[in-house]
Amino acid sequence: MQDALFDLAVSIGNVTLRNPFIVGSGPTVKNLPQLELIEKCGWGAASTKQTYNPRPYISYDPRYRWLKKEKLHIFTAEHRLDMETGLRLVEDARKKCKELVIIANYSDAGDNLDSWEEGARRFEAAGTQVLELNFCCPNMSFSVDVSDQKAHVISSGASMGQDPEIVAAVVRRLRTALSIPIIAKITPEGGRIAQVAKAAIDAGADAVSGVANRLGIAPIDIRKYKKPIYNLQGENTMGCMSGPWIRPLAMRDVFEMRKLLGPVPHINGTGGIASMQDAVQMMMCGADTIGVCTETMLRGFGFLEKWMKALKVYMGEMGFEAARDMRDLLLPELKSAAELTLWGGYARVDKATCHGCGACVEVGHCDAITMVDGVAYVEPKLCKGCSTCIDICPKQSISMVEETAAAR
């Protein structure tokens, strides 16, 4: 298929993105040169760095770690934009970026809805095309809540995002005040992301977004446990975790939201997206747009061109013509545990390739495997078909045999 036959445009309210890929709010969307490069690299939209009204009460120079083995990114300290800086960024971006949709990620650290409305109106006047309400950041009041329940700070981010009534109240107030689309970006902390998303949509949000990030504790050196893994930081603390490891949880978040919200509301799926295949999986779980943050921190923005080329090849092979064709495909395929169909079978070892390492014999829950003449042997009558031996075999010498197939 030629490119002209592919329709990758998507809409949030009355705003159209040229493709579904959004650079998520974070350190790679904090200044104008970044936004200009994002546009040049072909992204559909960018959500600017989290901006607080009034001035954020926790805002430090960043402290990050990328744990390659675990595919885990974690940060403890981060700089947030104050209101004036965030507004100028949006104003400048609208002047320079003509094809990139500018989304302003906004939080309020005040204690009333008037303060939320004041900041939201200022962003609309500055020219933001979409306002993204941050009900998800875990490294502000939620981190304080979890670490020291006696401390008192004004709720923000993930602390608010677990409460459907609070989220709905903010959205409802801003929906009456603004004409631009509103996204409610919701935390998975608390385990009720779908219910909170529905409250936001019912209150007037044009879209909801997952975030997947969890507040957690980084690995430590057990012999030097008082020393944090972070450079230039004196204490251990909880951090915001992201990266590819979290993608299965992010897909679950999107799936739960789509199942509860139905086919109409726009969902932005984020969390662990590191390839074109990851993005398609997220769409199949119900996402309309794809937010990418951690990957841009590690690799910049230029990889999108490769993703887009691969996506168009894939769509041509599958007969898809629009982004919407990929959405929700997994919804009818994902069954509950009560609906599963299982059939009998057993693992079989290829004697010609087994080199007798014994790894499969050590599987703790299995008593079907023994070593016979230096080669692994599976007793079919004892094998339950779990597949652990297949996954740990370094030579890929084990395969599963269906009992019906074996009987032929």
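Bear in mind that the values in this text are calculations on the coordinates, not laboratory data. Computed from a prediction, not measured in an experiment: that's the story for all the values here. No Cβ is skipped: glycine too gets one built from the backbone with ideal geometry, and neighbour counts run over all protein chains shown.
List 133, 342, 178 from most exposed to least, where exposure is judged by having the fewest other Cβ atoms within 10 Å.
342, 178, 133
Sort 166, 22, 182, 220 so the one with the fewest other Cβ atoms within 10 Å of its own Cβ comes first. Working shown, then result.
Values: 166 16, 22 31, 182 25, 220 13.
Taking fewest neighbouring Cβ atoms as first place, the list is 220, 166, 182, 22.
Need one word for the stretch 1-106: rounded, prolate or oblate. Basis is the Cα gyration tensor (sqrt eigenvalues a ≥ b ≥ c); a/c below 1.5 gives rounded, then a/b vs b/c decides.
Details: a/c = 2.44, a/b = 1.38, b/c = 1.77.
Here the stretch 1-106 falls in the oblate category.
Per DSSP H run of at least 4 residues, take -39500 (n - 2.57); add these up for the chain, divide by its residues and hand me the 222 nm value, nearest 500 deg cm²/dmol. Numbers along the way, then the final one.
On the way: 13 runs with 128 residues, N = 408.
The per-residue figure over the chain is -9000 deg cm²/dmol.
Compute the distance from the alpha-carbon center of the stretch 204-267 to that of the stretch 33-81, in whole Å.
Value for the Cα centre distance between the two parts: 14 Å.
Can you run phi through the Karplus equation (6.51, -1.76, 1.60; θ = phi - 60°) for the stretch 385-391 and list ³J(HN,Hα) in whole Hz, with x for Gly and Pro?
Result, ordered by residue: x, 6, 5, 4, 4, 4, 6 Hz.
Write out the GluC sites (Glu not before Pro) in the stretch 311-408 meeting two conditions: DSSP loop, and at most 14 other Cβ atoms within 10 Å of their Cβ. Walk me through the numbers before you get to the answer.
Numbers: sites: 317, 321, 333, 339, 362, 402, 403; in loops: 321, 333.
In loop regions of the stretch 311-408 (DSSP not H, G, I, E or B), the sparsely surrounded GluC sites (Glu not before Pro) are 321, 333.
Quick one: among 306, 259, 185, which has the greatest mean-square fluctuation in a GNM of the chain with alpha-carbon springs under 10 angstrom?
For the chain, modelled as a Gaussian network with Cα springs under 10 Å, the answer is 306.
Between their Cα atoms, which of 40/309; 40/95; 185/259; 95/309; 71/259; 95/185 are more than 23 Å away from each other? Let's see the in-between values first.
Numbers: 40/309 16 Å; 40/95 15 Å; 185/259 18 Å; 95/309 29 Å; 71/259 29 Å; 95/185 26 Å.
In this structure, 95/309; 71/259; 95/185 exceed 23 Å between Cα atoms.
Using DSSP to define loop residues, name the trypsin sites (Lys or Arg not before Pro) in the stretch 15-116 whose beta-carbon has at most 14 other beta-carbon atoms within 10 Å.
Answer in residue order: 68, 69, 98.
Step through the residues of the stretch 85-98 one at a time and calculate ³J(HN,Hα) from phi using the Karplus curve (6.51 cos²θ - 1.76 cosθ + 1.60, θ = phi - 60°), rounding each to whole Hz and writing x for Gly and Pro.
In residue order, the calculated couplings are 5, x, 5, 5, 4, 5, 4, 5, 5, 5, 6, 9, 9, 8 Hz.
Using the count of nearby Cβ atoms within 10 Å as a rough guide to exposure, how do 397, 387, 242, 336 rank from fewest to most?
Details: 397 21, 387 13, 242 26, 336 6.
Final ranking by Cβ density, sparse to dense: 336, 387, 397, 242.
In the Gaussian network model of the chain, springs joining C-alpha atoms below 10 Å, which of 375, 101, 171 carries the largest mean-square fluctuation?
Highest fluctuation of the listed residues: 375.
Please work out whether the stretch 3-326 counts as rounded, prolate or oblate from its C-alpha gyration tensor, where a ≥ b ≥ c are the square roots of the eigenvalues and a/c under 1.5 means rounded, while otherwise a/b larger than b/c means prolate and anything else oblate?
rounded
For a label point 7 Å from the Cα of residue 236 along Cα→C-beta, name the residues of the stretch 210-230 whose backbone N is under 17 Å from it.
215-230
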